[in-house]
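Okay, so here's the structure we're looking at.
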Amino acid sequence: MNDPAFPAGLADALRAIVGAGAVITGDSERAPYENDWRDQWHGRAAAVVKPASTEEASKVVALLAGRRVAMVPQGGNTSMCGGSVPDGSGTQVVVNLSRMNRVRSIDALDNTMTVEAGCVLATLQELAAKHDRLFPLSLGAEGSCEIGGNLSTNAGGTGVLRYGNTRELVLGLEVVLPDGRVWGGLRALRKDNTGYDLKHLFVGAEGTLGIITAAVLKLFPRPRSQATALVAVDDPAAALALLAFLRARVGERVTGFELISRICLDLVFAHIPGSRDPLSTPHGWYVLTELSDSTAGGALDALLEEALAAAAEAGIVRDAALAASHAQRAEFWKLRESISEAQKIEGVSIKHDVSVPVSRVPELIERAGAELARRFPDVRIVAFGHLGDGNIHYNCSAQARGDAKRFFEQAPDVNHVVYEAVDALGGSISAEHGLGVLKVEEIKRYKSALELDMMRAIKRTLDPHGLMNPGKVL
């Protein structure tokens, strides 16, 4: 569909739109935009273009669409599935939104902020806090990921249990369509029952239907008190029982509930300087749980301590450490947030971002683990994640660090075992990272033919020439 080489004069036409410094064509300069942070996907782009406004983005897309040049929308390039990396053809243009990083408005009374796609997630969290508000999307890459990418992948993170995933945090969108037209859907309405809710087509579409350039996001009252604990339990079933126990005692104050296996902490202790075990004795499984409330004071600490004591009496909890200060709370969360980095240092692993109904998480871990151990005796399973919403990061590697690359070569067979277990339990092979390149073939096995037909029909309607992030999702 695309020309075999970058069309003559196109780079100059792009420079005329965005400025000479915002079009990158040199091999070494393009490299950071052509490779993913996990060093798993490597592509080659014809050019990287960085518009600074919606108008520029619209003109860039219209120009490229007119020449039938494929585009790869990109934000912070922290994708876990290769969704933000070009293919190896050298004909695709990366449209990077990082220069579009303005906060257009913030309305504390309406509890909204309108931001551009290139805003870094952590910056938005900090801005909300300055206005005594909370933007609850939180994930390990928040210091570098950008909100446009979060929206395009429908990112999850640690706050989904209480606040929902990214889809539930957006009220309106501005999108450059595949022909360059701009859909101005930046509405701050909590209710709008006038037909199809078009924004949900683009949230989670991974840039295959258009380029999100701005969004209206929901804000919430800033928590004034928090209570955090690292809790030792016997197994995932006990962790699930603890979740039900806490919810019965404290209701919706449960903001975070993260399941962590011991191997996760061992990797963090081995590879992340300054990390330490808050408990004196190792245990097989842990839960990092947090309560939050908009009222100030120390009531939550007492509430959590009492609840955990009662859970211990009921045989659910084996040990617990409650954070005694903000610094200690940060230390607990750093243990959780450092797991992926520690795994990366340890060596390449086969990653799975999957979800099942919350009640079936223990069954997933047991079922997949038993079959993996039978077929791959040297497997090491690093399981952790958001138990409160059924999303588990079920990562597999070799027991011996030196065997990591050899084990990684068995990824298709390992994936099959995990995905079959997920599917049998009514789950999804992608909970929050998307499909990208990694799962574009796998999804054909786990979505019905009708679902795929409907998705393709939407794609053909909005992007008839297949120019938006081709080869991803579908």
Can you find a residue that is assigned to a helix (DSSP H, G or I) and either of a type outside the set (A, V, I, L, M, F, W, C) or without any contact (Cβ under 8 Å) to a residue 40 or more places away in the chain (or both) anywhere in segment 155-163?
yes
For the condition on the phi > 0 side of the Ramachandran plot, among the small types (Gly, Ala, Ser), in contact with a Gly (Cβ under 7 Å, 6 or more places away or on another chain) and not assigned by TED's automatic domain parsing to the domain that holds Leu151, what is the one hit in Gly90, Gly82, Gly19, Gly9?
Gly82
Any chance you could count how many residues in segment 345-375 are crowded, with 18+ Cβ neighbours inside 10 Å and among the hydroxyl-bearing types (Ser, Thr, Tyr)?
2
Which number in (1) assigned to a strand (DSSP E or B); (2) closer than 19 Å to Ala16 by Cα; (3) in contact (Cβ under 8 Å) with a residue 60 or more places away in the chain marks the one condition that Val48 misses?
(3)
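Here is a yes/no grid of residues against (1) outside the structural domain of Leu387 (by TED's automatic domain parsing); (2) surrounded by fewer than 21 Cβ atoms within 10 Å (Cβ to Cβ); (3) in a loop (DSSP other than H, G, I, E, B):
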position	(1), (2), (3)
Glu432	no, no, yes
Leu435	no, no, yes
Leu450	yes, yes, no
Asp453	yes, yes, no
Arg456	yes, yes, no
Arg460	yes, yes, no
Pro464	yes, yes, yes
Gly471	yes, yes, yes
Leu474	yes, yes, yes
Here is a check on your reading of the model: is Val61 touching a helix residue (DSSP H, G or I) at 6+ places or on another chain (Cβ under 8 Å) and either under 18 Å from Asp463 (Cβ atoms) or modelled with pLDDT of 95 or more (or both)?
no
Residue list for segment 93-141, filter: hydroxyl-bearing (Ser, Thr, Tyr) and modelled with pLDDT of 95 or more:
Ser98, Ser105, Thr112, Thr114, Thr123
Identify, from the list Ala309, Ala327, Ala296, the residue that is under 30 Å from the mean Cα position of the chain (by Cα) and farther than 29 Å from Ile381 by Cα.
Ala327
For segment 8-28, how many residues are under 30 Å from the mean Cα position of the chain (by Cα) and either β-branched (Val, Ile, Thr) or at pLDDT 95 or above (or both)?
5
Of all the residues that make up segment 204-262, how many are touching a residue at least 60 places away in the same chain (Cβ under 8 Å) and over 22 Å from Ile392 (Cβ atoms)?
24
Scanning segment 48-64 residue by residue, the ones that are crowded, with 21+ Cβ neighbours inside 10 Å and over 18 Å from Gly118 (Cβ atoms) total 1
From the list Gly385, Gly390, which one is touching a Pro at 6+ places or on another chain (Cβ under 7 Å), small (Gly, Ala, Ser) and surrounded by 19 or more Cβ atoms within 10 Å (Cβ to Cβ)?
Gly390
Out of curiosity, is Val317 in contact (Cβ under 8 Å) with a residue 12 or more places away in the chain and in a loop (DSSP other than H, G, I, E, B)?
yes
I'm checking my understanding of the structure. Among residues of segment 369-422 that are within 26 Å of Gly156 (Cα to Cα) and β-branched (Val, Ile, Thr), which one is nearest to the chain's Cα centre (by Cα)?
Ile392
What's the number of the only condition in (1) within 20 Å of Gly159 (Cα to Cα); (2) surrounded by 20 or more Cβ atoms within 10 Å (Cβ to Cβ) that Ile316 fails to meet?
(1)
Segment 29-44, residues that are more than 22 Å from His433 (Cβ to Cβ) and either in a loop (DSSP other than H, G, I, E, B) or at pLDDT below 90 (or both)
Arg44
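Let's see how each residue does on (1) in a strand (DSSP E or B); (2) without any contact (Cβ under 8 Å) to a residue 40 or more places away in the chain; (3) small (Gly, Ala, Ser); (4) closer than 30 Å to Ser225 by Cα:
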{"residue": "Ala327", "(1), (2), (3), (4)": "no, yes, yes, yes"}
{"residue": "Glu331", "(1), (2), (3), (4)": "no, no, no, yes"}
{"residue": "Val348", "(1), (2), (3), (4)": "no, no, no, no"}
{"residue": "Ile365", "(1), (2), (3), (4)": "no, no, no, no"}
{"residue": "Phe384", "(1), (2), (3), (4)": "yes, no, no, yes"}
{"residue": "Tyr394", "(1), (2), (3), (4)": "yes, no, no, no"}
{"residue": "Pro412", "(1), (2), (3), (4)": "no, yes, no, no"}
Restricting the first residue to segment 295-308 and requiring it to be touching a residue at least 24 places away in the same chain (Cβ under 8 Å) and outside any helix (DSSP H, G or I), which pairs with a second residue that is of a type in the set (Ser, Thr, Tyr) and surrounded by 12 or more Cβ atoms within 10 Å (Cβ to Cβ) meet a Cβ separation below 9 Å and a spacing of at least six or different chains?
Thr295/Ser225; Ala296/Ser225; Gly297/Ser225; Gly298/Ser225
Can you find even one residue in segment 183-194 that is surrounded by 22 or more Cβ atoms within 10 Å (Cβ to Cβ) and touching a Leu at 6+ places or on another chain (Cβ under 6 Å)?
no
Take Leu139 and decide whether it is hydrophobic (A, V, I, L, M, F, W, C) and not in a helix (DSSP H, G or I).
yes
Among the candidates Ala421, Ala431, Ala449, residue that is hydrophobic (A, V, I, L, M, F, W, C) and touching a Lys or Arg at 6+ places or on another chain (Cβ under 6 Å):
Ala421
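So that you can scan it fast, the table gives a plain yes or no per residue for (1) at pLDDT 95 or above; (2) under 22 Å from His433 (Cα atoms); (3) among the small types (Gly, Ala, Ser):
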{"position": "Glu366", "(1), (2), (3)": "yes, no, no"}
{"position": "Leu372", "(1), (2), (3)": "yes, no, no"}
{"position": "Ala383", "(1), (2), (3)": "yes, yes, yes"}
{"position": "Ile392", "(1), (2), (3)": "yes, yes, no"}
{"position": "Ala400", "(1), (2), (3)": "no, no, yes"}
{"position": "Asp423", "(1), (2), (3)": "yes, yes, no"}
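The values are calculated or read from the model by the stated rules, or taken from the named source; none is laboratory data. Fair warning: this is a prediction, and the values are worked out from it, not measured in the lab. As a convention, Cβ positions derive from the backbone with ideal geometry for all residues, glycine included, and neighbour counts pool all protein chains shown.
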